[in-house]
Amino acid sequence: MKKAMTIVAAAALALASASPAFAEIKRLEITAPAAAGGGYDQNARIMQQVLQKEGLASGVQVVNQPGAGGTIGLANYVNNKKRTPTLLTGGLALVGAIITNKSTVTFEDTYPLARLSADYQPIVVAADSPYKTLEDLIAKFKADPGSVSWGGSGPGSTDHMLYGLLAKAAGVEPSKINYVVLTSGGEMLSGVMGGHVTVGTGGYSELSAQINAGKVRALAISSPERLPGVDVPTFKEKGYDVNLVNWRAVFAPKDLKAEEKQELEQAIDKMVKSEDWKAAVKQRGWSDVYMPAAEFAAFVKQEHVRAETLFKELGLLK
Amino acid sequence: MMETLQLLFQGFTVSLAPINLLWAAVGVTIGTAIGVLPGIGPSLTVALLLPVTSALEPTAAFIMFGGIYYGAMYGGSTTSILLNTPGESGAIVTAIDGHAMARKGRGAQALATAAIGSFVAGTIATLAMTFVAPAMVSFALLFGPAEYFGLMVLAFVTVTAVLGENLALGMASLMLGLTLGLVGIDNQTGAARLTFGIPELLDGIDVVIVAVGLFAIGEALYQASRYRHEKEEIYALKGSLWMSREDWSRSWKPWLRGTAIGYPIGSLPAGGSEIPTFLSYVVEKRLAKKPEEFGHGAIEAVAGPEAANNASAAGVLTPLLALGLPTSATAAIMLAAFQQYGLQPGPLLFENDPQLVWGMIASLYIGNVFLLLLNLPMAGIWVKLLLVPKPWLYGGILAFATLGAYSLNNNIVDLVLLWLIGIGGFGMRLLNVPVAPCIVGIILGPMAEQHFRRALAISQGDLSVFYNPMTHPLAVSLLVIAAAFLLVPVVLRLRRA
C-alpha cells in the first residue's frame, strides 16, 4: 500500500514536471516567401522574437525564399517536407499571386493556422491635386476612365484589387482602369507626389508619414470603420462598398497530426495575446486582426474566390 | 546653412562617442565582409541583425546600419577586380577593366583607386546629402516614366563604349542581353514571357547571376580549357603596390565626375546603382586620352564607376531621410528598422529626431574614413590571392560564385541558370564575342521598356511625351543629350576625314 502510494506520488510529480503550462516547440523554422524587409518577412521575424521570448518555441529560424510573388516559397514549403516543425507566412497578396501565376500549389495544400495582422489601404493623391475628395475623383473617373492613372505595385496585387473593387462600387467596368505598375513603395510615392500618376495606394503604415506631413492627401481608406486616431474617411462612409484588408497570416503543413496542430494553434494564440506582440504590431502601424484556425480556413477560401472573380473582371484572367 | 552646420556638429558629438564609434567600426567591417561575398547584400544583413539590435539604442543601431550599407559598397569592388565576380550589380562595370588590370599585375592599383575613389565619392555625396537634400528631392520628383525613359536611352549609349572591335559581334551580344531581359512576368499586363512554364523564371533572371555566369564562370571554364596548352602566367604584383603619379593624375578627375553622376541618379526613386556606373564608364571613355585602353585595364574605368557607385549609395539615403521614401531594398529594410523603434520616418523625421538623423549622417563621414583605413592596407593583402596557382584559384572562384548565386534566392534554378549562362559565356569567349554589351542589355532593356510603356499608359498612347519640350522638357533634354552623345563623334570623324 505504502509502495503504491509512493508510485502514485512519484508519477504525479513526474507528470507535473513533464507538463508545464506549455511544451516548448523546438527548432522551429519559419519560411517567409519574400525578400527581407517586406510584410511577410517582418511578420516572420516578429514571430521569431516573440515566440522565443515567451518561451513558446526555441531555436527559431527565419528562412527567406522570395520569388514569383511568394509562390516559389509556398511551393517549396508544401513540397519539401521536413522533420522539424515548420511554419509559413503569407497573406492576401500571395492569394493574388497564386491566381495570376497559375500556381499548382495553393493554400489548400497547407493548414491555415491563423490570421495575424493587417494593413488597411488608403488611396492618396498629390497635395496639389485638383481632386480634393473621393467624389471629385470618382466623378472624373466616371466621365473619362482613361484620364485617371492608378499606380500600383503589380498586376494582381492588393493595390490592383482595391482599385478593382472601387471601380465596381462606382459602377465603372474594372477593365477600364488605367493601371500603371510602379514596382517599389518609393516609386509609388514619388510618382504621386510628383504628379506623374493620379492615384496611389499602399499600406497605411507605409503612407502615414507622408499623409501626416501633408505631402499627399488621403481620400479614403479600405477599413470597415475609421481607424483610431486616423482622420481619413472610409470608403463605406462615402457610400462605396469597398472592403479590403491586406491581411498577413501564418500557415502550417497540411498533414500534421491533430495534436500537433493543436499545439501550434495554442502557441500562436498565446503569442498574439502577449504584450510584446501587441506592441510590435502597433509600432509598425498595422492592425491586429487575429483570427484562429477554426474560422481562418474558410476565410482564406472566400478571399481566393473573391480575388479570382475580381481578376476576371479586371481582365487579368480569361 | 549655419543651422545645418550646427546640427551636423551636434551629430558629430553623438557619433564620436566611443561606444558609437565602436558600432560604426563594427558596421563597416561587417559591411565590407558581406560586400565581398556575392549574393549576400546589405538588405539581408540588416534584416538578420534587426532582432539582435532591438536591445540597442536606436542611434547606435542606425550608425551601425549606415556603416554596413557603405561598407558593402566598398567590398563589392574587391571580388569584381580580383576574381571577376561582381558581388552586387553596382560593381559589374568595375569588373570589366578592374579585372583586366588585375591580370596585368596591377590589381593593387585597381583596388587602391577603387577604395580612394569610394572615399572621395562617399564623402562628397554625404556632404551633398547634408546640405542640398531638400533641393535634390524636389529634383527627383520631376522624374516620371517619360523622364526615366530618357535617362535609360542615355545610359544605352554606354553600349558604344563596350561593343569591342567587331560591331556585329557586339550587337549580337547586346541582343542576347535584351532577350534574357525579356524573361519573366510583364509588369503591365501580368503575362509571362519566355518562362517555359518554370515558375522560378517568373521574376526574370537576376542580373548578378548573368554577370557572375558570363564573367566568372565563363572565364574559369576558358582558363581550364587553355591550361594544358599555355604556360602559366602569374598575374599578381608587378612593381610597386602603390598608385604611381600617373595613376593619381588619371584617377582624380574620374572620381569627381563619377560622384557628380552617381549622387543625383542615386537619389532618383528608380535610379539605382547600375545606370550611374554605366554613364561614368562611357563618359570616361569619351574623355580619356587613351580610349583604346578601355576594356584592357584602364584605371579611369575603375576610378569613375566605383566613385559613381558609392555616390549613388549616398543618393539612395537622401530621399529616405528627407522624405521617408525607400528607393532600394536596403532603404526599405532601414525604413522597417525605423518603425521597429517606433520612429516615424518621413518628412518630419529631421524635426522629431534630429539627434538620431544627424548622428547617423555624421557617422557616415566617420564610416568613410574607417573604410579607407580598412581597405587601403587590405589591397596589398588581397592581391596575394592572385598568387594562388591557377587551378586552385579558378576552382575557388567556381565554388565561390556558385555559393553566392545560390544564396541570392535560396533557389536551385538559379544554379542551373548560372551554369548555363557560364557555358554560354565560355562559348562567347572562344568566339571573341564581348560580354559587356549583354550585361548592358539585360539591365537596361527591361527598365527602358517598362518606363516607355508606363509613360504611354499615362498619356493614353500620346507619343508627344517624348518629344514635346513644353510638357516634358526634362525627358526631351535627356533624349537630345543621348542623340548628341551618339552623333557628335560621328560628325567629328566625318569632318576630320
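Odds and ends about this structure:
- Looking across segment B:319-334 at every residue that is among the β-branched types (V, I, T) and either within 18 Å of the chain's Cα centre (by Cα) or more than 7 Å from every other protein chain (Cβ to nearest Cβ) (or both), the one that is nearest to A:S208 (Cα to Cα) is identified as B:T327.
- Candidates in segment A:189-210 are the residues that are more than 9 Å from every other protein chain (Cβ to nearest Cβ) and of a type in the set (A, V, I, L, M, F, W, C); of these, the one that is nearest to the chain's Cα centre (by Cα) is A:L207.
- Any chance B:G272 is among the small types (G, A, S), within 13 Å of the chain's Cα centre (by Cα), modelled with pLDDT under 90 and within 24 Å of B:L486 (Cα to Cα): yes
- For segment A:285-314, the tally of residues that are out of contact with any Ser or Thr (no Cβ under 6 Å at 6 or more places or on another chain) and outside any helix (DSSP H, G or I) stands at 6.
- Residue selected from segment A:207-230 under the condition part of a loop (DSSP other than H, G, I, E, B) and free of Cβ contacts under 8 Å to residues at least 60 places away in the same chain, by the criterion farthest from A:K282 (Cα to Cα): A:A213
- Number of positions in segment B:4-55 that are closer than 24 Å to B:N352 by Cα, free of Cβ contacts under 8 Å to residues at least 40 places away in the same chain, among the hydrophobic types (A, V, I, L, M, F, W, C) and away from chain A (no Cβ under 14 Å): 3
- Conditions (1) crowded, with 24+ Cβ neighbours inside 10 Å; (2) at pLDDT below 85; (3) among the polar types (S, T, N, Q): number failed by B:T32: (2)
- Complete set of residues in segment A:65-78 that are farther than 14 Å from A:N101 by Cβ and either surrounded by 24 or more Cβ atoms within 10 Å (Cβ to Cβ) or over 23 Å from the mean Cα position of the chain (by Cα) (or both): A:Y77
- Some residue of segment B:263-278 being assigned to a loop (DSSP other than H, G, I, E, B) and charged (D, E, K, R): no
- Within segment B:198-238, restricting attention to residues that are part of a loop (DSSP other than H, G, I, E, B) and either within 25 Å of B:L444 (Cα to Cα) or at pLDDT 90 or above (or both), the residue that is farthest from the other protein chains (Cβ to nearest Cβ) is B:I205.
- Some residue of segment A:175-185 being more than 20 Å from B:P345 (Cα to Cα) and assigned to a helix (DSSP H, G or I): yes
- Selected residue (only one of B:F350, B:F294, B:F338 is within 14 Å of chain A (Cβ to nearest Cβ), of a type outside the set (D, E) and more than 30 Å from A:P66 (Cβ to Cβ)): B:F350
- Of the residues making up segment B:37-57, those that are β-branched (V, I, T) and either more than 16 Å from B:G71 (Cα to Cα) or modelled with pLDDT under 80 (or both) are B:I40, B:V52, B:T53.
This table checks each residue for (1) in a helix (DSSP H, G or I); (2) aromatic (F, W, Y); (3) more than 14 Å from chain A (Cβ to nearest Cβ); (4) in contact with a Gly (Cβ under 6 Å, 6 or more places away or on another chain).
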position	(1), (2), (3), (4)
B:M447	yes, no, no, no
B:F452	yes, yes, no, no
B:Q460	no, no, no, yes
B:N468	no, no, yes, no
B:V490	yes, no, yes, no
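The values are calculated or read from the model by the stated rules, or taken from the named source; none is laboratory data. Just so it is clear, the structure is predicted and the values come from calculations on it, not from any experiment. We place every Cβ from the backbone using ideal geometry, glycine too, and count neighbours over all the protein chains shown.
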